[in-house]
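Visitor: What follows is a single structure, and I will ask about it in a moment.
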Amino acid sequence: MKSVKILILLMLAMFGNVYAQTESAILGAWESDKKDVRIEIFKHGDKYYGKYLWGKEIVESDGVTSKKDVKNPDEKLRSRNLIGITSLTGLKWEGKEYVDGKIYNAPSGDTYKCKIWIKNDKLYLRGYLGFSLLGQTATFHRYRQ
């Protein structure tokens, strides 16, 4: 009986590792390891997107009220709230990572190419100009309220 329990626990552990590597592992809420931004990643069609849930640079000094998108290159969007905007767009799953995406950095008004991968229950988001080598990587963990 004890060996059956051990076998079941091993199978659950193996399933957990497999699940972490599946395409849907990216879905849900994530918080940066610096705890300065939270995003929610969702799927629409065959691509993945992310929206701002909260961020130190996108809320007013009260920590709650959303700032406006004042640095957006499109003047028509400058009056919208930053909380809830889709800042991550067009990511495609390619077996081990999510590629060909774009990330809009609302505090600066800049848009970068990006890719994401998950390793050891951490999400790594790399934003870059031109080549992936010319960029920065932010690390995220699952956000649980």
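Visitor: Sorted by packing (mean other beta-carbon atoms within 10 Å per residue), highest first, where do 112-123, 52-63 land?
Guide: Most protected by this proxy first, the peptides run 112-123, 52-63.
Visitor: OK, next. Springs between alpha-carbon atoms under 10 Å, Gaussian network over the chain: tell me which of GLY90, GLY135, GLY127 tops the mean-square fluctuations.
Guide: GLY135
Visitor: Using Cα atoms only, what is the angle between the long axis of helix 2-20 and the major principal axis of the chain, expressed in degrees (0 to 90) to the nearest 10?
Guide: 30
Visitor: Moving to a separate point now. Obtain the nm distance between the two label points defined at LYS35 and LYS51 by a simple spin-label model: each point lies 7 Å from its Cα along the Cα-to-C-beta direction.
Guide: 2.6
Visitor: Continuing with this model, one more query. Send over the Kirkwood Rh of the range 88-145, from the inverse of the averaged 1/r over different Cα pairs, rounded to one decimal Å.
Guide: Every distinct Cα pair counted, the radius reaches 11.9 Å.
Visitor: Which cross-chain or sequence-distant (5 or more) residues have an amide H under 5 Å from the amide H of TRP54, H modelled 1.01 Å from N in plane?
Guide: ARG38
Visitor: Let me ask something additional. Based solely on its DSSP helices, what 222 nm [θ] is calculated for the chain when runs of n ≥ 4 H residues each add -39,500 (n - 2.57) and the sum is averaged over all residues, nearest 500 deg cm²/dmol?
Guide: Dividing the helical sum by the residues of the chain leaves -4500 deg cm²/dmol.
Visitor: Then there's this: Roughly how many debye, to the nearest 20, is the charge dipole of the range 24-142 about its Cα centre, given +1 on each Lys and Arg Cβ, -1 on each Asp and Glu Cβ, and no other charges?
Guide: Approximately 120 debye in magnitude.
Visitor: Okay, moving on. Which pairs, out of LYS68/LYS113; LYS68/LYS119; LYS43/LYS71; LYS71/LYS96; LYS76/LYS119, put more than 30 Å between their alpha-carbon atoms?
Guide: Violating the 30 Å Cα-Cα cut-off are LYS68/LYS119; LYS71/LYS96; LYS76/LYS119.
Visitor: Near the amide H of TYR143, under 5 Å away, which other amide H atoms are found, from residues 5 or more places off or on another chain, if H is placed in the peptide plane?
Guide: Placed amide hydrogens put ALA29, TRP30, GLU31 under 5 Å from TYR143.
Visitor: What ratio of Cα Rg to 2.2 N^0.38 Å holds for the chain?
Guide: Relative to the 2.2 N^0.38 Å estimate, the chain comes out at 1.22.
Since every read-out is calculated from the coordinates, none of them should be taken as a lab result. Everything numeric in this text was worked out from a predicted model, so none of it was measured. In this analysis, Cβ positions are derived from the backbone assuming ideal geometry, glycine residues included, and neighbour counts consider all displayed protein chains.
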